[in-house]
Every structure is written in structure tokens, then in C-alpha cells.
Amino acid sequence: MADIARIGVIGAGQMGNGIAHVAAQAGITVVMLDVAQAALDKAQATIAKNMDRQVQKGTLQAADRDAALARISASTDHAAFGDCDLVIEAATENEALKTKILAALCPHLRADALIATNTSSIPITRLAAATDRPGRFVGMHFFNPVPLMKLVEVIRGLATEDATVQAVAGLATRMGKTVAYAADYPAFIVNRILLPMINEACFALQEGVGDVASIDTGMKLGCNHPMGPLELADFIGLDTCLSVLEVLHQGLGDPKYRPSPLLRKYVEAGWLGRKTGRGFYDHSVSPPKPTR
Ligand code: NAD
């Protein structure tokens, strides 16, 4: 296929609206889809607000913002994807839901259209099997927040064809991202390496090796990390951290990935990090205050 010029994005949540934002800014026409019009309205308002911020900072011209916003349309009907070169699925992380979405999507697509999924943890090969085109199905894993984070992991399922990998890698490059290629193993590359470090920080906290401030200060100043592991866990969401560790533990069968009981307890308490106001830090005060 020639260069990807028109894409669909399924799920207009934090990842979906970020993907739509960056794609539209790169000159690509975008159709966003969600279950309810309210979610689409909110996503379009978020994109406009984020682009306004870029204009204020001088990193985007007002005319380019207007042109980018005009490239984004929204629909609640899969039929809107009929002339898309690629559809990126970025709906809620739930395998049954994604399988259902993919099966409903395929009949509306051109035969040569590609499908990518932004899943963080579900096997690409298994999602590909829910489509009529496993060769033209690929993982395209963006990072949050999409406009700021430079990486896209491109994940090849068992059946993914070379041309599919090349097409989405080319798109990621045009979106200003750098590609890392991963095979279809649990949690791919970045989360496979990152989450065990966060988990180890939770074990260290649980065992009293250090308190929250000491662990985070240690890793920031001792390893030159921009954020400490517990601060980062709060940013990602402790429920998400736990679920990625469970995917690693189950998928690789190695006890070294067992989630820390303390992390599990925080999730059971509903202390999920920034999004609930409390995790390893109390986010109701500024700056956030360590809780242990
Ligand atoms: P989110 O909850 O912000 O957004 C999900 C959106 O999907 C919601 O707007 C929801 O209404 C929509 N949705 C649900 N069912 C749908 C359906 N049947 N059809 C269309 N839309 C539907 O979640 P998110 O953080 O944007 O995550 C989306 C995907 O991106 C997940 O697969 C997640 O694993 C992945 N991801 C998330 C991050 C992150 O840090 N948040 C990073 C990388 C990848």
C-alpha cells in the first residue's frame, strides 16, 4: 500500500485522543470512534485544549492547529472506517471487548486495510486470530502521554507480514516517534523490563529496606532516573502495574514476576495512585507527600 493517509482510532480515551492528536498534526486524516458521542466530544475538546497549549508554548502555529483539528472527525459507527488505510484499536484493556470490536470492525474495512492494536498486554497473535487478516494485523504500542512520549513499540504477531510492520513503522516515524521492534512475548520490551523494577521497589518498601522517599531519591539520584519507581507507579496506576505483573507472571511462568503483596494490598484498598488521589504518595497535597 502507498503511505498511510487516513486512519481510524477506536476508543477516544487518553491513548486514543493522543494518537488522533499526533496523527492529525502529522497531516493524517483521522476518524475517531467510541461507544458514546459524549466520549467523542470530550476527546475532541481535550485535543483542542492540548493543541492550544502547544500554540501558547510556540511549538505549533495557530493555522497548523486549525488544519490538524479539521482533519479529525468522530463517529460511533464502524462504517465510518470504510476508506481507512489503517485502524488503530485503543479501547479499554479487556480481551473479550477487543475481540468483539475487531470482529465487528472487519466487515467494514477495505480488503487491503491494516489493523493495529495499542494493547499493553494482550498477545498480538491471539487478537489477530479474531480478525479476517492476521497478516495485516500488528501491535502499535504508544506511551502515555502520546504527544510527549517519543517511543512506539511495533509488535509482530506470528502471522504479521513484513509489509505491515514496515507500513506502521513508517507511520510512527511520520508521527515523530522512534520505533523499537518487539516480538509477541508478554508485556513486550519496555513493560517487561520496567515493571519488575517497580515491583522490586514495592518489595523493598514492604521489607522496610527504605521508605518511599528514600527509595525514590535513591533511584533518581543513584541511577539518574527522572522519576523514582514508586512515583512512576502512582503515575501509571497501581492497578495497571499489578495487571502487567500478573500478565508477566502467568505468561512466562517464572516466580520472579510474582507481584509484591504490598502492591496488591494498595490496589485492594483502592489506593491506585494519582488517579484516585492516593497511592504511594498522597496527591491531595502539593508536592505529593509519601505515605510510608
Ligand atoms: P481509557 O479508559 O482512557 O479509554 C478507553 C476508551 O475505550 C474509552 O473512551 C471507552 O469508552 C472506549 N471504549 C470502550 N468500549 C468500546 C467499544 N466497544 N468501542 C469503542 N470504544 C470503546 O483507556 P486508555 O488508557 O486510553 O487505554 C486504551 C488502550 O491503550 C488499552 O488497551 C491500554 O492497555 C493501552 N495503553 C494504555 C496506556 C496508558 O498508560 N494508559 C499506555 C499504552 C497503552
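The values are calculated or read from the model by the stated rules, or taken from the named source; none is laboratory data. This is a predicted model, so every value here is computed, not measured. Glycine also receives a Cβ, built like all others from the backbone with ideal geometry; neighbour counts cover every protein chain displayed. Side chains are part of the model used for accessible areas, which takes the heavy atoms of the whole protein and leaves out ligands, DNA and RNA. Shrake-Rupley method; radii C 1.70, N 1.55, O 1.52, S 1.80 Å.
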Open item on the list: Sequence gap at least 6, Cα distance under 8 Å: using those rules, report the relative contact order of the stretch 192-290 to the nearest whole percent.
Closed with: 26
Open item on the list: At 7 Å along Cα-to-Cβ for each site, give me the label-to-label distance between K42 and A79 in nm.
Closed with: 2.7
- [ ] Run the dipole for the stretch 192-290 about the Cα centre, Lys and Arg Cβ at +1, Asp and Glu Cβ at -1, nothing else charged, and hand back the magnitude in debye, nearest 20.
- [x] 120
- [ ] Please get the size of the charge dipole for the stretch 132-280, origin at its Cα centre, with Cβ charges of +1 on Lys and Arg and -1 on Asp and Glu, quoted in debye to the nearest 20.
- [x] 340
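So what is Rg over Rh here for the stretch 85-146, counting just Cα atoms and using Kirkwood for Rh? Kindly include the intermediate steps, with their values, before the conclusion.
Numbers: Rg = 10.8 Å, Rh = 11.6 Å.
Reported Rg/Rh, Kirkwood definition of Rh: 0.93.
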Open item on the list: With a 10 Å cut-off between alpha carbons and a GNM built on the chain, which of V267, V31, V138 moves the most?
Closed with: V267
TODO: Report the relative contact order of the stretch 6-183, percent, no decimals, based on alpha-carbon pairs under 8 angstrom and at least 6 residues apart.
DONE: 21
Open item on the list: Using a 1.4 Å probe on the protein heavy atoms only, what accessible surface does Y181 show? Give it in Å² to the nearest 10.
Closed with: 140
Task: Span per principal axis, largest first, for the Cα atoms of the chain (Å) - done: 57, 47, 33
Task: Theoretical ellipticity at 222 nm over the chain - DSSP helices of four or more residues, -39500 (n - 2.57) apiece, nearest 500 - done: -14000 deg cm²/dmol
- [ ] With a point put 7 Å past each Cα toward its Cβ, work out how far A213 is from H108 in nm, to one decimal.
- [x] 5.3
Open item on the list: Between I193 and R292, what is 0.36 nm times their sequence separation minus the Cα-Cα distance? Round to one decimal in nm.
Closed with: 33.1 nm
Task: Zone of A96's modelled label, taken as backbone nitrogen in the stretch 237-269 under 19 Å from a point 7 Å along Cα→Cβ - done: 243, 247
TODO: Rank these by accessible area, largest first, 1.4 Å probe: D184, D66, D234.
DONE: D66, D184, D234
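Tell me whether the stretch 79-183 comes out rounded, prolate or oblate; compute the Cα gyration tensor, take square roots of the eigenvalues as a ≥ b ≥ c, and use a/c under 1.5 as the rounded threshold. Walk me through the numbers on the way to the answer.
Values: a/c = 1.44, a/b = 1.33, b/c = 1.08.
In terms of gyration-tensor shape, rounded.
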- [ ] Go ahead and collect, in residue order, the members of the stretch 229-244 whose backbone nitrogen is under 13 Å from a label point 7 Å along the Cα-Cβ direction of R264.
- [x] 242-243
Task: Heavy atoms of I215 accessible to a 1.4 Å probe, total area in Å² rounded to 10 - done: 20
TODO: Starting from the coordinates of the alpha-carbon atoms of the stretch 226-280, obtain the Kirkwood hydrodynamic radius over all distinct pairs and give the value in Å to one decimal.
DONE: 11.3
Open item on the list: Could you work out the pair-distance distribution P(r) of the stretch 25-114 from its alpha-carbon pairs, with 10 angstrom bin width and percents rounded to whole numbers?
Closed with: 15, 41, 31, 13, 1
TODO: Using a 1.4 angstrom probe, figure out how much accessible area the chain has per residue, in square angstrom, rounded to the nearest whole.
DONE: 46
TODO: Consider a paramagnetic label point 7 Å from the Cα of E246 along Cα→Cβ; state which residues of the stretch 262-278 have an amide N under 16 Å from it.
DONE: 262-272
- [ ] Go ahead and set up a Gaussian network model of the chain, Cα springs under 10 Å, then flag whichever of A172, A269, A103 fluctuates most.
- [x] A269
Task: Heavy atoms of S214: accessible area, 1.4 Å probe, square angstrom to 10 - done: 70
- [ ] Largest first and to the nearest Å, give the Cα extent of the stretch 159-269 along each principal axis.
- [x] 51, 32, 23
Task: For the chain, size of Cβ-based charge dipole, Lys and Arg +1, Asp and Glu -1, in debye - done: 400
